[in-house]
Amino acid sequence: PDIPARMKTNRARHITGYRIKPNGNLRWLEQPGLREMWRVGATEKIAMCPLIDPQYVATLDPMCRSFPDTPVVIDHCARIDTQHDTELDHLCALSKHPNVYVKISAFYAFGTKQPPYLKQIPKIKRLYETYGPRRLMWASDCPYQLENGNTYSDSIALVRDRLNFLNANDKDWILRRTAEKVFFS
């Protein structure tokens, strides 16, 4: 109850993003409470952070059109892996909305699930070409990035050392400044 007041109170406490999930419902964003959250997100600059599987990417477009000022930060590339070509197309299509950002993270969950995560480079390059470095951000995905022999060092190294299409400024945006802009300004 009273989502706007609660979100505004939390914004004053420096809560600048809400993780939202579909819980198996393809019509999840039609719920009145979520629509209210997106409306308040626009006025208060509070990000909606969808934690979604690939099949839900296309469901975001109508909300992004209805609430163009709401920041949207899609967690973990929407869990898109190499077999999700259509879903990657949908994710790239969302770049037409200037307040949509993508976290490039959770490398431990894709491909071989082990460093150096090289099979993720084509996906990241495509997102980079579509969104640019100022709308991509690395994320820790704590604590999962630390399981089964994966480390933060390995995750950061993919961006810092293995994406040869990035310059130093691009890396600074992806590793720090995009998150700073969205969540801490």
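The values are calculated or read from the model by the stated rules, or taken from the named source; none is laboratory data. Owing to the predicted nature of the structure, the values given are computational and were not obtained by experimental measurement. Neighbour counts run over all protein chains shown; Cβ positions are idealised from the backbone, glycine included. All accessible areas refer to the heavy atoms of the entire protein, side chains included, with ligands and DNA or RNA removed. Shrake-Rupley method; radii C 1.70, N 1.55, O 1.52, S 1.80 Å.
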Among the residues listed as I121, I74, I46, the single one being among the β-branched types (V, I, T) and in contact (Cβ under 8 Å) with a residue 40 or more places away in the chain: I121
Residue list for region 1-21, restricted to those being in a helix (DSSP H, G or I) and of a type in the set (A, V, I, L, M, F, W, C): I3, A5, M7, A12
Which members of region 144-185 meet the condition of being assigned to a loop (DSSP other than H, G, I, E, B), closer than 24 Å to V100 by Cα and touching a residue at least 24 places away in the same chain (Cβ under 8 Å)? L163, F165, L166
Any idea which of K96, K103, K123 is in contact with a Ser or Thr (Cβ under 8 Å, 6 or more places away or on another chain) and at negative phi? K123
Which of the residues belonging to region 124-149 are of a type in the set (A, V, I, L, M, F, W, C) and surrounded by 14 or more Cβ atoms within 10 Å (Cβ to Cβ)? I124, L127, L136, M137, W138, A139, L146
In region 37-56, is there at least one residue being modelled with pLDDT under 95, closer than 24 Å to K96 by Cβ and of a type in the set (A, V, I, L, M)? no
Helices (runs of 4 or more DSSP H) (entirely within region 22-123) containing at least 2 residues that are over 22 Å from N10 (Cβ atoms) and open to solvent by 10 Å² or more (accessible area, probe 1.4 Å): 61-66, 85-93
Answer yes or no as to whether D154 is farther than 28 Å from T59 by Cα, acidic (D, E) and either within 18 Å of the chain's Cα centre (by Cα) or open to solvent by 80 Å² or more (accessible area, probe 1.4 Å) (or both). no
